[in-house]
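As C-alpha cells, the structure follows; a few thoughts come after it.
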Amino acid sequence: MLLGRLSQVWETGAELIGALHGVRLCGTVKVIAAAENLVTATGDPG
C-alpha cells in the first residue's frame, strides 16, 4: 500500500516538474493543477 502511494506521488511530482518546465509556454494553469494533484496525492489518507 505504501509503495503504491509512493509511486503515485512520484508520478504526480513528475507531472509537476514537467509543468514547471513548460510554464513559459503554457502559463501557470498547468502548474497550479499539477500542484493541486500533488497535494491531493500526498494529503489524502485514503
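Any read-out appearing in this document is the output of simple, stated calculations on the displayed coordinates, not a laboratory observation. Fair warning: this is a prediction, and the values are worked out from it, not measured in the lab.
Points worth noting:
- Extension reserve of the residue 36-residue 10 stretch, reckoned as 0.36 nm per residue once the Cα distance is removed: 7.9 nm
- The alpha carbon gyration tensor of region 2-43 gives principal lengths a ≥ b ≥ c with a/c of 1.5 or higher and a/b no greater than b/c, which makes the shape oblate.
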